[in-house]
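Report on one structure; see the data block that follows.
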Amino acid sequence: MSDWLCDFVVDGQTAKCQRCGREISAALTPIKANCRTWNGSVAAGGPGTELRAIFATLDIHEKADCPCKEIAALMDLRGIDWCRANRDYIVGRLNETSKLYARREKWHAARKAIETGLAFKINWADPFPGLVELAIERAEQK
């Protein structure tokens with residue numbers, strides 16, 4: 001079992017993580033959730049690290065309840081090939097996470113993207129696919 005996934009034990013209608021105590025309905029299959037005890041420590045330098053660096057360039061800083069660190073660590077843990085094969089999953093998670101940010105924060109990031117030239121490399125109507133691909137490409141170059 002991976003450190004970043006809950007270790008669920010099913011007891012009737014409920015599944016409970018043996019490490020963090022999270023309880024969910026056993027009807028959810030497959031049962032997967034990020035474990036609350038995981039500290040996000042993974043060897044850095046992969047596509048997730050690159051994605052976080054891109055976000056930092058755009059002045060996008062993680063909110064307290066943001067799973068960005070988990071997403072980035074998962075990307076680093078699984079590697080470039082997994083990220084390419086699961087790009088839609090990563091983009092979907094980022095789209096969900098973007099709802100945590102106010103419009104002014106998004107406009108600020110867009111302005112930084114113009115200043116850095118990043119805005120001319122991706123589609124800002126739907127930026128996450130381009131940002132994920134850019135992170136993967138940067139990780140490949142290392």
- Task: Output the helices (runs of 4 or more DSSP H) that fall wholly within the range 58-128 and possess 2 or more residues being under 13 Å from the mean Cα position of the chain (by Cα) and at pLDDT 90 or above, or say none.
- Result: 68-85, 87-98
- Task: Scan the range 11-19 and give yes if some residue there is modelled with pLDDT under 85 and surrounded by 18 or more Cβ atoms within 10 Å (Cβ to Cβ), otherwise no.
- Result: yes
- Query: Among the residues of the range 91-142 satisfying the criterion of being hydrophobic (A, V, I, L, M, F, W, C) and more than 15 Å from I54 (Cα to Cα), which is surrounded by the most Cβ atoms within 10 Å (Cβ to Cβ)?
  - Reply: L100
- Item | Residues of the range 111-142 that turn out to be touching a residue at least 12 places away in the same chain (Cβ under 8 Å) and on the phi > 0 side of the Ramachandran plot, as a count | 0
- Inside the range 74-101, can you point out the residues that are of a type in the set (K, R) and farther than 21 Å from A125 by Cβ? R78, R84
- Item | The lone exception for G79 - which of (1) free of Cβ contacts under 8 Å to residues at least 40 places away in the same chain; (2) in contact with a strand residue (DSSP E or B) (Cβ under 9 Å, 6 or more places away or on another chain) it fails | (2)
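The values are calculated or read from the model by the stated rules, or taken from the named source; none is laboratory data. Here the structure is a predicted model, which is why all the values come from computation and not from measurement. Positions of Cβ are backbone-derived with ideal geometry, glycine not excepted, and every protein chain shown enters the neighbour counts.
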